[in-house]
Amino acid sequence: MSQPQPVRGTHDLLPDDFRRHAHVVGVSRHVAARFGYAEMATPIFEVTEVFARTMGETSDVVSKEMYSFTDKGGEAITLRPEYTAGICRAFISNGLMQNVPVKVFAHGPMFRYERPQKGRQRQFHQIDIEAIGAAEPACDVEIIAVGHEILRELGLIDKATLELNSLGDPESRAHYRQVLVDYFTGHKDKLSKDSLERLGRNPLRILDSKDEGDRKIVANAPLLEESFNQAARDFFADVRRGLDALGIAYHVNPRLVRGLDYYTHTAFEFTTTHLGAQGALIAGGRYDGLIEQLGGPPTPGIGWAGGIERLAMLAGDVAVAVRPVALVPIGEAAEQAAPVMALKLRRAGLVVELAYKGKVGQRMKRADRAGASHAILVGDDELKAGEVTLRDLKDGSQEKLSLDAALAKLKARG
């Protein structure tokens, strides 16, 4: 029998990978908290209808990429392909309308059946920020600022570009929809099969087509901003003024759109050129019609998601937060006493590396591999005298002192 391998499109987060992963989550969690976003989580699976209704029955995610199955009770279940729908479902299910605005941070695994690529797997992980119940442009500015600050604290802001656009209000989008139908109808003979199907249902999704023939037609399509009414123009102007006031640079990309009707006003992405074709680090937008589409009351909302794998790849290596201390017993009595000593040190807050067996040289090599900063050596004679030898593994200096004194010295190093 061949050796088992992970399922295609999944990967193991080994300690070094997990440290980078946890660093992205940790930085994001702390930044989100400073902006007043409380952490929450939803189940990794939902009733399929939650995603089908919010992501669009004809979208590639729903029609081709979702991991869906029928459970033993006969219910259609889907592993979550994204976080927003589940959070909005939780908003409705838990009656949070009285608590608006609800500002939350979440992170966890997502699942999509697609061709694995660099930074894109079938099980992947995202950080997610949502603000539900606030309709003001200031909320859009704040939620973009959260993403900007996370990238800044990860050391990535100089590798990222904020692309910004407005999708207008429902009236503007309705007008633009008809403009697009008229335009693309004049090019029906050149559109791809998928785009022809979208023409009657959702012409905005043609703008996202990857087909080369479609892209040539899209290049000359009318711009959404040409259909804006004054309210849409004013909202976008307020968002831009807010970003300018915070010193957040952006590039207005008039081709940045979201195809589903519940998206309104602000759409944005932080992109990078440092990861090849997979350039989106954070992507989001305002979805004022989503809660209502799920069966809740009309409620504005805005949010974004960021790929943890991509952010971790771009951030690179992360130093071990706390270097361990190696406890090295020498002799039978010291061997017996070492676990008790190690527990005392651990309860005091130190990370302690204690090997289960091996000669002194082997244990010291293990301490070096673990990145230990110091070693505490204790032999049988030292144990009787109530002493240990504290050795600095960087410069080789050492001194004899009590375990409590060694502990105090190690705690003082920070």
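Values quoted throughout were computed directly from the atomic coordinates according to the rules given, and no laboratory measurement underlies them. Since this is a predicted model, take the numbers as computed values, not measurements. With ideal geometry, Cβ positions are generated from the backbone for all residues, glycine too; neighbour counts draw on all protein chains shown.
Is the range 1-115 rounded, prolate or oblate when judged by the Cα gyration tensor, a ≥ b ≥ c being the square roots of its eigenvalues, rounded requiring a/c under 1.5 and prolate requiring a/b larger than b/c?
oblate
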State to the nearest 20 debye the size of the charge dipole of the range 48-180 about its Cα centre, where the only charges are +1 on K and R beta carbons and -1 on D and E beta carbons.
-> 540 debye
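Relative contact order for the chain: what percent, with Cα pairs under 8 Å and sequence separation of 6 or more?
RCO, the chain: 15 percent.
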Running Debye on the range 325-408 with equal point scatterers at the Cα sites and no solvent, what base-10 log of I(q)/I(0) appears at q = 0.15 Å⁻¹?
-> -0.46
Set the Förster distance to 30 Å, then compute FRET efficiency between Leu401 and Ala319 from the Cβ-Cβ distance, nearest 0.05.
-> 0.60
Set the Förster distance to 41 Å, then compute FRET efficiency between Ala221 and Gln123 from the Cβ-Cβ distance, nearest 0.05.
-> 0.70
Dipole magnitude of the chain, debye to nearest 20 (Cβ charges: Lys/Arg +1, Asp/Glu -1, about Cα centre) | 1180 debye
Along the charge dipole of the chain, which of Val47, Val7, Pro81 sits closest to the positive end, that is, farthest toward it, with unit charges on the beta carbon of Lys, Arg, Asp and Glu (+1, +1, -1, -1)?
-> Val7
Pairs Lys359/Lys411; Lys190/Lys210; Lys359/Lys394; Lys357/Lys409: which are spaced more than 25 Å apart, C-alpha to C-alpha?
-> Lys359/Lys411; Lys357/Lys409
Here the net charge surrounding Leu327, from other residues whose Cβ is less than 12 Å away from its Cβ (Lys, Arg +1; Asp, Glu -1), is +3
Against the longest alpha carbon principal axis of the chain, how many degrees, from 0 to 90 and to the nearest 10, is the axis of helix 403-412 turned?
-> 30 degrees
